[in-house]
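Student: Just passing along the structure, written as structure tokens.
Read the figures in this text as sums done on the coordinates, not as results from a lab. If you're wondering where the values come from, they're calculated on a predicted model, not measured in any experiment. Reconstructed Cβ throughout: ideal geometry from the backbone, glycine too, with neighbour counts over all protein chains shown.
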Amino acid sequence: MSDVDNIEKSLELVQSILEPLKEGEYAIYLNKVSSYISAIGKSVSTNKLALESIRLQAKGNQDQYNAAVKAKTSSLKASFESYIKFARLNIDLAMANALDNLVRRPKSASKIDENKRIESLQKWFDQLPNPTDAMLEHFIASSTPLDKWLVAGQWGHQYLKKRRVDLETYDRRLCEIIKCSDSTTIRIVQSYGKLNRAIDALEKCFLKTLEEIAVA
């Protein structure tokens, strides 16, 4: 299988995860992600043809060929990084909205209350080698809406990201506990980790292909 074929399979995987999620208020973000992923595919195909043209034009002049390939791969990498950056940004925006829909922030809580609870919760969770069980148990046991919102919402997810904890398992268990009636919100939350893994795999495949082109 060629490098381009591998990239195309990675692109198809990302799109297959995105497709059933593009509903309701999340569509605006995920349609943008889909567009950025499509743009990567077009860019790869276009630059593949350009590299073949460069090879023919160089006609055995290795220095000329190497310089042209370096310029082309540098441009391709810059475009790719831009597309991926904005794809990830929109995935995060969709997830942020989904988490806000999953558990609403209590209107009575002030920013001071929020910061105090964050400080307290972080001190507790920092002492644990794997905080996921404690966070889920606290969500179930706590009678404080602010604590529930922090643990299940963006703060809790950002905290687990920093701790390099498996978010997919956490989100699956969280959704089982909350039983949100909005099925699209549930799918967004449960697919976040899977979608990011697919983006990571695409990025790895793309960068590997660039390295191989550069030394060809």
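Student: Kindly write out, for region 109-124 in residue order, the coupling ³J(HN,Hα) from the Karplus curve 6.51 cos²θ - 1.76 cosθ + 1.60 (θ = phi - 60°), rounded to whole Hz, with x marking Gly and Pro.
Tutor: 7, 8, 5, 5, 4, 4, 5, 5, 5, 4, 4, 5, 5, 5, 4, 5
Student: Residue 46 versus residue 81, label points 7 Å from Cα toward the beta carbon: distance in nm?
Tutor: 1.9
Student: Now a separate question. Can you give the FRET efficiency for residue 57 and residue 27, using 1/(1 + (r/R0)^6), R0 = 41 Å, r = Cβ-Cβ distance, to the nearest 0.05?
Tutor: For residue 57 and residue 27, the calculated efficiency is 0.40.
Student: At 0.36 nm per residue, minus the direct Cα-Cα distance, what do residue 6 and residue 119 gain on full extension? Give it in nm, one decimal, please.
Tutor: Result: 36.2 nm gained on full extension.
Student: Given a cut-off of under 8 Å on Cα pairs at least six residues apart, what relative contact order in percent is computed for the chain?
Tutor: Computed value for the chain: 31 percent relative contact order.
Student: Give a residue-ordered list of calculated ³J(HN,Hα) values for region 28-37 (Karplus: 6.51 cos²θ - 1.76 cosθ + 1.60, θ = phi - 60°; whole Hz; x for Gly, Pro).
Tutor: Using θ = phi - 60°, the values come out as 4, 7, 6, 5, 5, 4, 4, 5, 5, 5 Hz.
Student: For the chain, which semi-axes, largest first and in whole Å, follow from the square roots of 5 times the eigenvalues of its Cα gyration tensor?
Tutor: So the three semi-axes of the chain are 43, 18, 14 Å.
Student: I would also like to ask the following. Net charge within 15 Å of residue 149 by Cβ-Cβ distance, Lys/Arg positive one each and Asp/Glu negative one each, not counting residue 149 itself?
Tutor: +3
Student: Just the C-alpha atoms of region 111-190: what Rg/Rh do they give, with Rh taken as the Kirkwood radius?
Tutor: Here the Rg-to-Rh quotient is 0.95.
Student: Can you give the calculated 222 nm mean residue ellipticity of the chain, where each DSSP H run of n ≥ 4 adds -39,500 (n - 2.57) and the sum is split over every residue, rounded to the nearest 500 deg cm²/dmol?
Tutor: It lands at -28000 deg cm²/dmol.
Student: Any idea how far apart residue 162 and residue 200 come out in nm if each label point goes 7 Å out from Cα toward Cβ?
Tutor: Output for this residue pair reads 1.9 nm.
Student: Let me ask you something else. So if we plug the beta-carbon distance of residue 66 and residue 154 into 1/(1 + (r/R0)^6) with R0 = 41 Å, what FRET efficiency do we get, rounded to 0.05?
Tutor: 0.30
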